[in-house]
Amino acid sequence: MRRPRSLFILFITMAMFIFMTTSTLASEISLAKNVDPTSPNIYRVGDTIHYIVTVGNPEHNTLTNTLKTITDIMPDGSTEILATDVVQEPGDSDSYDVYYVVDENDLQNISGVWRVFNEVEIDGTDSEGSIVKATTSKGSVVIKPSIEIEKYVNGEEADDAPGPGVLVGDDVVFEFTVTNTGDCTLTNVSVDDDILGHIGTIASLASGASQTLSRTVSATEGQHANTATVTGTPPVGDVVTADDPGHYFGENPSYRIDKTVEETEITAPCTLHYTVVLTNTGNIDLTGVTLDDSLVEDVGSAVESLSADGVLNVGEHWTWTYTYSVSQAEVNLGDPIDNTATGDCDQLDEVSDSCRVPIIQNPSIDLEKLVNGDDADVPTGPTVAAGSTVTFTFIVTNNGNVTLTNVSVDDNVLGHIGTIATLEVGASQTMTSTATAIAGQYENMGTVTGTPPTGEDVTDEDPGHYYGTANFEGLTPGYWKNHPRSWVGFNTTDLVGDVFDIPDELSELADDTLMQALNYGGGRDVIGAARNLLRIAVAAVLNAAHPNINYPMAMSDIIEDVNEALASLNRTVMGRLQATLDRYNNLEGDINN
């Protein structure tokens, strides 16, 4: 490093190098080459130096000098004839102007100081013919001022983008190191920045010296560039300047997680299908990206939308798809399936998103009761002999979506049938109970009750019927039509409307006689269904009225049931009662007993 020197030293050195040599062989002569006193004492490359050459014949000299040539010798060796054949009497003096533009190539470094030398030479004779010669040389100091600035961004020489990455809001420290790289002291050194403004002023900076200024700002998002400029004032000439750019990238890393599930509810063990998307919503790439799920141990690999380089680039999204199997135990528990996906990366904290799929519990139970193998939900059911064994079968099925416990099967007549400790979804279990058949129409109701994991018990019931025969008797409508003399309590001319309640919709039947009713034909409409029922009902009434026929039903019950069926105006209801009475009417019997 060049040691700084003050201008004072330079001026002293310059003065020491201003010298003149005079050679006198016979006559005397004076020769001087000086810088124009109105010009500066220090010059810079490109400056013009104005020399004044003075040639004189001293007054005390007694001879006349004839100067053949006065020659100026430039630093590069070129010459210029200033005058020829100049005659000077004692006391005469002549001056000549010489101009020189300082050239970098002409400089000489003398003890660390740059100088440029110009010479002048005289060649002539005096009046006695003797040779007159003289030379002189002028040395001028030339300075080479220069300055340098180095701008650092958070300690980095960030001449090119992007420069250091700085989180938005963090400090960005700009350092401006100014160095006087020239050979003279600089003053009023101003450091400025095109974005930050004026940084500071250094009053004086010696040659080779450096000084650092700094400015701290908060980082903002995106790419930033600014240029620092330094300007210094040398002793002479124009200011020297330098600049240096600086860059930084304001990092604003961010990412978003979105988790979705295809299924909206769970009603049975199933597979849930999840999709998780991580999106880089910031302005820098993210590395070390991972995904975990609170329920799924292995979520698999992501599909990268832009590249497969393992880096979540700006604007890119990664997609994971995976499944989770819901068990019956979880359905029984009834709690919603909650799980959370958590994304992580090297640059940011974790992000999470959750999904909830509710479990809809539908506890339900079904009881199917069979009587001697028949689904005897309606009377009469199977016909069995009184005193024989009747087998009741209870088929219990869990037709809900949760496991049931403490499943109790009961019958309103038979009592407690049994208990099933646990009944899984879709499972069935069968229980049986037997009893001795009794005479007449029999009905009992089976009931099942089960306890789900949560909520109230579920229940179902199913009736059972059978008809126990015990020497009951009954004769057909054809018998009563052909044997009117066997009628008891009724005449063939009695009207249907006098025995049964005929609704207005069936009023056309009310005025028919009982004999006409025994001859009714059927039909597909309600009238036809009523005729079918009344034909069988008239025979049933005649059977119940006869003292020698042990009919299964009392006359009052027959009339009441027929009235209800007719009032329903429902073909099915009428047909069901018709079938029951018809079965009774076909029990046969001996009317003469």
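The numbers here are math on the coordinates, done by the rules we state, and not lab data. None of these values were measured; they are calculated from a predicted model. Glycine also receives a Cβ, built like all others from the backbone with ideal geometry; neighbour counts cover every protein chain displayed.
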Open item on the list: Counting other beta carbons within 10 Å of each residue's own, what order do D344, D194 fall into, fewest first?
Closed with: D194, D344
TODO: Calculate the spin-label point distance for H50 paired with A161, positioning each point 7 Å from the Cα along the beta-carbon direction, and give it in nanometres.
DONE: 5.2
TODO: Go through segment 104-183 and name the GluC sites (Glu not before Pro) that are in a DSSP coil and have 16 or fewer other Cβ atoms within 10 Å of their Cβ.
DONE: E128, E157
Open item on the list: Suppose only helical runs count, i.e. DSSP H with n ≥ 4. What mean residue ellipticity at 222 nm does that imply for the chain under -39500 (n - 2.57) per run, divided by all residues and rounded to the nearest 500 deg cm²/dmol?
Closed with: -4000 deg cm²/dmol
Task: Computed E for T432/R524 - FRET, C-beta separation, R0 45 angstrom, nearest 0.05 - done: 0.60
Open item on the list: Under the 0.36 nm per residue contour assumption, what length would be gained going from the current alpha-carbon distance of Q223 and T493 to full extension?
Closed with: 85.7 nm
Open item on the list: Quick check: net charge around G300, other residues with Cβ under 15 Å of its Cβ, Lys/Arg +1 and Asp/Glu -1?
Closed with: -4
Open item on the list: Taking the Cα centre as origin and putting +1 on Lys and Arg beta-carbons and -1 on Asp and Glu beta-carbons, what dipole magnitude results for segment 124-220, to the nearest 20 debye?
Closed with: 560
Task: Spin-label model distance (nm) - S307 vs N412, 7 Å beyond Cα toward Cβ - done: 8.0
Open item on the list: Is the C-alpha gyration tensor of the chain telling us rounded, prolate or oblate? Criteria: a/c under 1.5 is rounded; beyond that, a/b larger than b/c is prolate, otherwise oblate.
Closed with: prolate
Task: Estimated FRET transfer efficiency (Q108, T260; beta-carbon r; R0 56 Å; 0.05) - done: 0.10
Task: Pairwise FRET efficiency - D335 versus R583, Cβ, R0 = 51 Å, nearest 0.05 - done: 0.40
Task: Rounded Å value of the spacing that divides the Cα centres of segment 549-593 and segment 332-408 - done: 41
Open item on the list: Taking 4 °C and 1.567 mPa s as the conditions, I'd like the Stokes-Einstein D for segment 366-469 in µm²/s, using the Kirkwood hydrodynamic radius from alpha carbon pairs.
Closed with: 93
TODO: Add +1 for every Lys or Arg and -1 for every Asp or Glu among the other residues with Cβ under 14 Å from the Cβ of G169, and state the total.
DONE: -4
- [ ] Under 1.5 on a/c is rounded, so check that first for segment 164-212, then, if it is not, pick prolate when a/b is larger than b/c and oblate when it is not; a ≥ b ≥ c are the square roots of the alpha carbon gyration tensor eigenvalues.
- [x] prolate
Open item on the list: What does the extension gain come out to for A545 and V87, with contour length at 0.36 nm per residue minus their alpha carbon separation?
Closed with: 146.0 nm
- [ ] Pop a pseudo-label 7 angstrom from the Cα along the beta-carbon direction at both T201 and M555 and give the gap in nm to one decimal.
- [x] 13.9
TODO: State whether segment 246-289 is rounded, prolate or oblate according to the following rule on the C-alpha gyration tensor (a ≥ b ≥ c being the square roots of its eigenvalues): a/c under 1.5 gives rounded; otherwise a/b larger than b/c gives prolate, and the remaining case gives oblate.
DONE: prolate
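What's the extension gain from V168 to N252 if we count 0.36 nm per residue and subtract their Cα-Cα distance?
29.7 nm
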Task: Calculated P(r) tail over 18 Å for segment 255-357, as whole % of Cα pairs - done: 47
